[in-house]
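Asker: Below you will find the structure I want to go over with you.
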Amino acid sequence: MDAVSLHSGEYVERFKASPTFRVSRLVPLMDIGPEDRIVDFGCGLGMLLGCLDRFGSYDGVDFSPDFIAAASERASEKARFHCEDIVAFCERNPAAFDIATTFDFSEHIDDATFIEIYSAIRKVLVPGGRLYLHTPNLNFFIERAKDLGILRQFPEHIAVRTGEQHRALLARCGFDTVTVKTIAHYNVLKHVHPLSHLPLVGPLFAARLWIEASPAK
């Protein structure tokens, strides 16, 4: 099954049932000014837009026609949606945005595609711009079990990574300031997050990665 098919139809319907908390809880972690121009890559239903209370403009980009069709209901004078390849969009918009986001996106692409896409994303950011990335953490015990074949992985999750793997890949894409943090899951698994502070075994209980990166000057 191709990538567009994997991210259409039933997959879109599943996201419609997802709680907005999975995204709204991320907004306080972002430094967003009232004039900031935001581009949301792999925007899906445009859930981030509905969680923002101040921004200059918002552009959502996704290659799934089903997602963009659903997200376009949120379009306004300050918010636009684009059914387009990310690299092509970035080539048309050099240094056009203050903030780029990729939420629950990087686990869907292999390393070669990661380098191609995030190198392009770097070029849409203005000097001092910020990339915010949210993704599952391979060190989390459930993701480790999936990686070992003990549990079944989502078919669209082809490359769940550790924080250090993300750091190394982003450096190859031209990001020289990369901060990696772990945060709790958005579902019932959030209750194991306090165990992430334990010595030695703590990383096994850190479910999600929150990464902020800025382009090299």
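The values are calculated or read from the model by the stated rules, or taken from the named source; none is laboratory data. Note that this is a predicted model, so its numbers are computed, not measured. A quick note on method: Cβ atoms are made from the backbone with ideal geometry, for glycine too, and the neighbour counts reach across all protein chains shown.
Asker: Just give me the residues in the stretch 53-105 being surrounded by fewer than 17 Cβ atoms within 10 Å (Cβ to Cβ) and of a type in the set (V, I, T), in sequence order.
Answerer: V87, the sole residue that qualifies.
Asker: In the stretch 20-48, what residues are assigned to a loop (DSSP other than H, G, I, E, B) and more than 15 Å from the chain's Cα centre (by Cα)? Full working, then the answer.
Answerer: First pass over the stretch 20-48, keeping only residues assigned to a loop (DSSP other than H, G, I, E, B): 20, 25-26, 30-36, 42-46.
Selection gives D31, I32, G33, P34, E35, D36.
Yes/no matrix, rows are residues, columns are (1) farther than 17 Å from H134 by Cβ; (2) assigned to a loop (DSSP other than H, G, I, E, B); (3) modelled with pLDDT of 95 or more:
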site: G149; (1), (2), (3): yes, yes, yes
site: R152; (1), (2), (3): yes, yes, yes
site: E156; (1), (2), (3): no, yes, no
site: A159; (1), (2), (3): no, yes, yes
site: R167; (1), (2), (3): no, no, yes
site: T182; (1), (2), (3): no, no, yes
site: Y186; (1), (2), (3): no, yes, no
site: L204; (1), (2), (3): yes, no, yes
site: E212; (1), (2), (3): no, no, yes
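Asker: Can you tell me which of F175, F154, F205 is more than 18 Å from the chain's Cα centre (by Cα) and of a type outside the set (A, V, I, L, M)?
Answerer: F205
Asker: Would it be correct to say that F67 is in a helix (DSSP H, G or I), among the hydrophobic types (A, V, I, L, M, F, W, C) and over 17 Å from I117 (Cα atoms)?
Answerer: Criteria met by F67.
This table checks each residue for (1) at pLDDT below 95; (2) touching a strand residue (DSSP E or B) at 6+ places or on another chain (Cβ under 7 Å).
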{"position": "D53", "(1), (2)": "yes, no"}
{"position": "G56", "(1), (2)": "no, yes"}
{"position": "G60", "(1), (2)": "no, yes"}
{"position": "F81", "(1), (2)": "no, yes"}
{"position": "E91", "(1), (2)": "no, no"}
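Asker: Still on this structure, please answer the following. Hey, does the stretch 166-183 have a residue that's on the phi > 0 side of the Ramachandran plot and among the small types (G, A, S)?
Answerer: Yes, the stretch 166-183 has at least one match.
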